[in-house]
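Here the structure is laid out as structure tokens; the discussion comes afterwards.
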Amino acid sequence: MRILFVGDVFGQAGRRIVREHLVPLIEERAVDLVVVNAENAAGGFGLTPGIADEFFDQGAHVITTGNHVWDKREIIEYMQSVPEDSHDRPRRVLRPANYAAGTPGHGFYQGELPSGQTYAVINLQGRVFMGNLEDPFRVADSLLQKIQAKVILVDFHAEATSEKIALGWYLDGRVTSVIGTHTHVPTADERILPGGTAYQTDVGMSGPFDSVIGVEKELIIARFLSGMPGKFEPAKGDPRMCAVLIECDGATGRALSIRRLMLGE
């Protein structure tokens, strides 16, 4: 079984580069399961129902998010438009599972592919430099008790590399993969951990690389020089799609290989 995880889609440039590459990549690599992190897809901050539908139309099975999930408020009504046991599109847009009880939406999804292969996706957010959330380690423990699928992908949306690496080791052998998101900078540490879990600290950004993590570089440089706040504008130059391709044993969930991808125009 092959899983494609697409890193943080940022703004219009990110959507364009994903639109260019996703469908051909699915066909060329015989991808079975597609997961896209899209929390920055709408103008660099948040996600709208219409953009979510675009990704589903292009082949995404599940959409994950992170700390910017509520920046476009209309996504809340979209998430709440279907019941918890639904498999419709709004149920397959996730927010971090370790948000407070009663938060709109859901933090994990269990599904089944046309082949009959079952899978699950868990969305978690880190706590280091990221706010006062529930413990992602213990929330992961709790969710794994509910999940029956063997193939389990974890999107860990976190700032600190140490926290990401620690969760990878903590879940090794219990999930198929732990893939980090949020920093928008791809790391070169992809590997299969001893227990059979594919790991990468950060998959990187699908968006404009002629930027400072997606934002017009002049605005960020000016902010560093002056210390004054300013409006962030998504950049557009040199868009690239960052992703990771994972091959695993569908019967056991054990990862067999992991490969970084970066595709330009």
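Computed from the coordinates by the stated procedures, all read-outs in this text should not be read as laboratory data. Because the structure is a prediction, the values reported are computed rather than measured. As a convention, Cβ positions derive from the backbone with ideal geometry for all residues, glycine included, and neighbour counts pool all protein chains shown.
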remark   = Here the percent of antiparallel bridges among DSSP beta bridges lying wholly in the stretch 2-264, to the nearest 5, is 50 percent
query = Can you list the aspartates and glutamates whose alpha carbon sits under 13 Å from that of K231, skipping same-chain ones fewer than 8 residues off?
reply = E216, E218
inquiry  = With n ≥ 4 as the cut-off for DSSP H runs, can you work out [θ] at 222 nm for the chain, using -39500 (n - 2.57) per run divided by the number of residues, rounded to the nearest 500?
reply    = -7500 deg cm²/dmol
request  = Give, to the nearest whole percent, the P(r) tail of the stretch 2-264 beyond 22 angstrom, counting all Cα pairs.
outcome  = 51 percent
key: Residue exposure sequence - H182, H68 - by fewest surrounding Cβ within 10 Å   = H68, H182
task = Run the numbers on the stretch 2-264 and let me know its relative contact order in percent, using alpha-carbon pairs under 8 Å that are six or more apart.
result = 19 percent
ask   = By count of other Cβ within 10 Å, fewest leading, how are F129, F209, F56 ordered?
value = F129, F56, F209
request  = Identify which of G102, G195, G180 has the largest mean-square fluctuation in a Gaussian network model of the chain, with springs joining Cα atoms closer than 10 Å.
outcome  = G102
query = For the chain, modelled as a GNM with alpha-carbon contacts under 10 angstrom, which of M130, M205, M228 fluctuates the most?
reply = M228
ask   = Hey, got the dipole for the chain? About the Cα centre, +1 on K and R Cβ, -1 on D and E Cβ, debye to the nearest 20?
value = 240 debye
query = In debye to the nearest 20, how big a dipole does the stretch 64-111 give about its Cα centre with +1 on each Lys and Arg Cβ and -1 on each Asp and Glu Cβ?
reply = 120 debye
inquiry  = Cut-off 10 angstrom, C-alpha nodes, Gaussian network model of the chain. Which of I221, I63, I76 fluctuates the most?
reply    = I221
inquiry  = At 7 Å along Cα-to-Cβ for each site, give me the label-to-label distance between S86 and L113 in nm.
reply    = 2.5 nm
remark   = Reduced to Cα centres, the span from the stretch 58-107 to the stretch 202-265 in Å works out to 22 Å
ask   = PRE reach from R29 (point 7 Å along Cα→Cβ): which of the stretch 144-170 fall under 20 Å by backbone N?
value = 151-157
